[in-house]
Amino acid sequence: MEVVRSVAAWRALRANWGTGVEIGFVPTMGYLHAGHLSLVQMARAAHARVVVSIFVNPLQFGPSEDLAAYPRDEARDLTLLELSGVDAVFLPSPAEMYPPDFATGVTLSGPLVERLEGARRPGHFAGVATVVTKLFGIVGPSHAYFGQKDAQQLAVVRRFVADLALPVEIVAGPIIREPDGLALSSRNVYLTPPQRAAATVLRRALAAGRFASDTGMHDAKSMLAAMRAVIAAEPLATLDYVDVVDPATFVPRDHGGPGSLLVLVAQVGKPRLLDNYLWRADGTWDTGSVAEEGHA
Ligand code: AMP
């Protein structure tokens, strides 16, 4: 496995691989877990070469967010990626990605970037869009893999890739969960043991929303009430938002039903925890899957 830290070193390696080599790309912020590794496995199964980036992108953190404290463990990450059969890791410094004369940004407009995460984290999606566009420009993948866990980010990436006609196919991977249902996240390390136990409330609330619709209460009001009641019963959790939206536009829907997304964010201790259930257009649910034993 090659580890490259500069655009120039990456270009030299890429030239060695020759033209016409299909690259599957997984962008991450590191501190890897089985959710990241499931995306790597999907890419490994589909492409001749797999490239993973590890970059804690300052542009997507707000001034009061955890940029400096964001968990990092480069040595462990590199071991996990080597064991996963990754061909190359791109690990640039902030100065490599954003030299002093850097002057370009990718911004979107409309409900997709203004509602929910967009409203809570001003500038976040512009930071994501700018870094992902730059990473695509550097790596040149045919396919790029993103987690359904960050559903709004996934929709944003699909939007700007389509709008800018970027020659990359976006592939989504299901949410990978702990055995008790908590979605894996690098920020779960912030949870104390009681908070960790309470954090299953997100999954339980989503299940209650689904149950409401399964028992005939498809209207968003009933589904939202069911989810809110579960969060309200957990004293260690504070609801940030819950919504039933169109998964591509994040415009709210009056009714659940196929082609809708239940999104939920709650604060448990320090971290804001994100989770969602996707009601696919074909009528089946994507509620994620439990991490295979022995994975990070
Ligand atoms: P991050 O390092 O948090 O930026 O995440 C890198 C990629 O991994 C993103 O596409 C995330 O959506 C994805 N990801 C994070 N957590 C999970 C999870 N529990 N299951 C599946 N994908 C995930």
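The values are calculated or read from the model by the stated rules, or taken from the named source; none is laboratory data. None of the values given here were measured: they were computed from a predicted structure. Note that we place each Cβ from the backbone using ideal geometry, even for glycine, and neighbour counts take in every protein chain shown. Each accessible area value is taken on the protein alone, full model and side chains, heavy atoms only, with ligands, DNA and RNA left out. Shrake-Rupley method; radii C 1.70, N 1.55, O 1.52, S 1.80 Å.
From (1) in contact (Cβ under 8 Å) with a residue 12 or more places away in the chain; (2) closer than 25 Å to residue 162 by Cβ; (3) of a type outside the set (A, V, I, L, M, F, W, C), pick out the condition that doesn't hold for residue 71.
Residue 71 satisfies every listed condition except (2).
Please work out which one of (1) within 15 Å of the ligand (Cβ to nearest atom); (2) crowded, with 20+ Cβ neighbours inside 10 Å is the condition residue 74 fails and give its number.
With (1) within 15 Å of the ligand (Cβ to nearest atom); (2) crowded, with 20+ Cβ neighbours inside 10 Å applied to residue 74, the lone miss is (2).
Take the residues in the stretch 14-37 that are in contact with a strand residue (DSSP E or B) (Cβ under 7 Å, 6 or more places away or on another chain) and open to solvent by less than 20 Å² (accessible area, probe 1.4 Å), then tell me which one is farthest from the ligand (Cβ to nearest atom).
Filtering the stretch 14-37 for residues that are in contact with a strand residue (DSSP E or B) (Cβ under 7 Å, 6 or more places away or on another chain) and open to solvent by less than 20 Å² (accessible area, probe 1.4 Å), the one farthest from the ligand (Cβ to nearest atom) comes out as 23.
Just to be sure, is residue 161 away from the ligand (no atom under 12 Å from the Cβ), open to solvent by 20 Å² or more (accessible area, probe 1.4 Å), in a helix (DSSP H, G or I) and aliphatic (A, V, I, L, M)?
Values: away from the ligand (no atom under 12 Å from the Cβ): yes; open to solvent by 20 Å² or more (accessible area, probe 1.4 Å): no; in a helix (DSSP H, G or I): yes; aliphatic (A, V, I, L, M): yes.
It is false that residue 161 is away from the ligand (no atom under 12 Å from the Cβ), open to solvent by 20 Å² or more (accessible area, probe 1.4 Å), in a helix (DSSP H, G or I) and aliphatic (A, V, I, L, M).
If I ask for residues that are open to solvent by 60 Å² or more (accessible area, probe 1.4 Å) and either within 16 Å of the ligand (Cβ to nearest atom) or not assigned by TED's automatic domain parsing to the domain that holds residue 268 (or both), which ones from the stretch 182-195 would you list?
The one that is open to solvent by 60 Å² or more (accessible area, probe 1.4 Å) and either within 16 Å of the ligand (Cβ to nearest atom) or not assigned by TED's automatic domain parsing to the domain that holds residue 268 (or both): 189.
Quickly run through the stretch 258-280 and pick out the residues that are more than 16 Å from residue 240 (Cβ to Cβ) and of a type in the set (S, T, N, Q).
Across the stretch 258-280, the qualifying residue is only 260.
What's the number of the condition residue 267 fails, among (1) surrounded by 15 or more Cβ atoms within 10 Å (Cβ to Cβ); (2) outside any loop (DSSP other than H, G, I, E, B)?
Result: residue 267 fails condition (1) only.
Would it be correct to say that residue 167 is more than 10 Å from the ligand (Cβ to nearest atom) and within 18 Å of residue 292 (Cα to Cα)? Step through it out loud before you land on a result.
Values: more than 10 Å from the ligand (Cβ to nearest atom): yes; within 18 Å of residue 292 (Cα to Cα): no.
No.
Considering only helices (runs of 4 or more DSSP H) fully contained in the stretch 41-146, which possess at least 1 residues that are among the acidic types (Asp, Glu) and under 20 Å from the mean Cα position of the chain (by Cα)? Spell out the reasoning first.
Details: elements: 74-83, 94-97, 111-114, 117-120, 124-139.
Qualifying helices (runs of 4 or more DSSP H): 74-83, 111-114, 117-120.
List pairs: first in the stretch 165-189 and part of a strand (DSSP E or B) and modelled with pLDDT of 95 or more, second surrounded by fewer than 16 Cβ atoms within 10 Å (Cβ to Cβ) and of a type outside the set (Gly, Ala, Ser), Cβ under 7 Å, 6+ apart or cross-chain?
Listed by first residue and then by second, the contacts come to 177/290.
Residues 198, 205, 144: which one is under 26 Å from residue 69 (Cα atoms), open to solvent by less than 60 Å² (accessible area, probe 1.4 Å), touching an Asp or Glu at 6+ places or on another chain (Cβ under 9 Å) and in contact (Cβ under 8 Å) with a residue 40 or more places away in the chain?
Numbers: 205 fails: under 26 Å from residue 69 (Cα atoms); 144 fails: under 26 Å from residue 69 (Cα atoms).
Result of the check over 198, 205, 144: 198.
Out of all the residues in the stretch 115-141, which are of a type in the set (Gly, Ala, Ser) and open to solvent by 20 Å² or more (accessible area, probe 1.4 Å)? Outline the logic, then answer.
Let us first name the residues in the stretch 115-141 that are of a type in the set (Gly, Ala, Ser), namely 118-119, 123, 126-127, 129, 137, 140.
119, 123, 126, 137, 140 - these are the residues of the stretch 115-141 that are of a type in the set (Gly, Ala, Ser) and open to solvent by 20 Å² or more (accessible area, probe 1.4 Å).
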